[in-house]
Amino acid sequence: MAKETLLASGRRFVSVDPIKCTGCGICEYVCTLEKCETWNPLASRIRVIRLTPFLNATMTCRFCENAPCVKACKEKALIQSETNGVLIIDESKCNACDWCIQACPYGGITLDPDKRKVISCDLCNGEPKCVEFCPEEALELVEDDTAAEKKWRTALEKIPTEIERMTDVVKKREWATVFTEAEERAKRTAGKLEAISKRERTNKQNK
């Protein structure tokens with residue numbers, strides 16, 4: 001079976017719904033705890049992009065077919081799995097030249113600030129922790145770019161409506177609505193943070 005066919009049948013990646021994403025950064029937090037056992041957003045495999053007060057998003061590897069990052073690497077430090085497209089990084093060959101970072105159209109590759117080697121999402125063995133702990137359920141695994149791009153188009157189309165809604169809230173001084181929404185988000189965030197803390201305590205006890 002050809003490589004392209006394998007990727008098409010097994011490829012999945014983390015996609016964000018910009019309408020739901022609040023830019024809280026918990027995905028970055030839990031990613032670095034999973035991969036580095038410490039909190040360092042610069043070492044996260046997923047990055048939060050706070051575009052406007054009404055539009056937040058995340059960037060992570062999409063495991064592209066015929067990945068441009070793999071082609072751009074002059075040291076041959078990147079290899080792409082033929083079953084699911086996940087990048088396998090040979091740290092012994094990576095010299096932090098950043099050609100792969102520049103070649104990525106989705107901002108899915110970054111440089112580990114300590115190791116000075118490139119890093120990329122590996123889907124946490126099929127169960128990405130960023131998806132599991134997102135308090136707004138803004139992240140999910142999808143199989144193709146069409147679904148991801150549709151969410152972006154929908155989010156962009158809704159920005160004028162959301163601006164109008166918030167403007168109306170301010171004019172009418174309906175602060176109770178704003179406070180209620182903020183409180184509900186805070187509760188969801190607190191719940192996920194507690195779940196992460198509980199998981200970390202359990203992991204330490206099992207070591």
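What's the exposure ranking of CYS94, CYS61, going from fewest to most Cβ atoms within 10 Å?
Least crowded to most crowded, the residues run CYS94, CYS61.
What is the order of TYR29, TYR106, fewest Cβ neighbours within 10 Å to most?
Working: TYR29 21, TYR106 15.
With the fewest neighbours first, TYR29, TYR106 line up as TYR106, TYR29.
Return SER81, SER44, SER197 ranked ascending by Cβ neighbour count within 10 Å, so the fewest neighbours appear first. Show your work: numbers first, answer last.
Values: SER81 16, SER44 26, SER197 11.
Sorted ascending by nearby Cβ count, the order is SER197, SER81, SER44.
Would you work out if segment 124-207 is rounded, prolate or oblate? Take a ≥ b ≥ c from the square roots of the eigenvalues of the alpha-carbon gyration tensor; rounded if a/c is under 1.5, else prolate when a/b is larger than b/c, oblate otherwise.
oblate
Hey, got the dipole for the chain? About the Cα centre, +1 on K and R Cβ, -1 on D and E Cβ, debye to the nearest 20?
400 debye
Please report the spacing between the Cα centers of segment 47-72 and segment 21-36 in Å, no decimals.
15 Å
Taking the Cα atoms only, what angle lies between the long axis of helix 175-206 and the longest principal axis of the chain, rounded to 10 degrees?
Helix 175-206 sits roughly 40 degrees off the main axis of the chain.
Of VAL170, ALA148, ILE196, which is farthest on the positive side of the dipole of the chain, counting Cα position, with +1 on Lys and Arg Cβ, -1 on Asp and Glu Cβ, and the Cα centre as origin?
Of the candidates, ILE196 comes out farthest on the positive side.
Take the chain, connect every pair of alpha-carbon atoms lying under 10 Å apart with a spring to form a Gaussian network, then pick out the residue of ALA186, ALA138, ALA67 with the largest mean-square fluctuation.
ALA186
Going toward the positive end of the dipole of the chain, with +1 on Lys and Arg Cβ and -1 on Asp and Glu Cβ, which of GLN205, ILE49, SER92 do you reach last?
Farthest towards the positive end: GLN205.
Every number in this text was worked out from the coordinates using simple rules, so none of it is lab data. Not measured: the values here are computed from a predicted model. Virtual Cβ from ideal backbone geometry, glycine too; neighbours counted across all protein chains shown.
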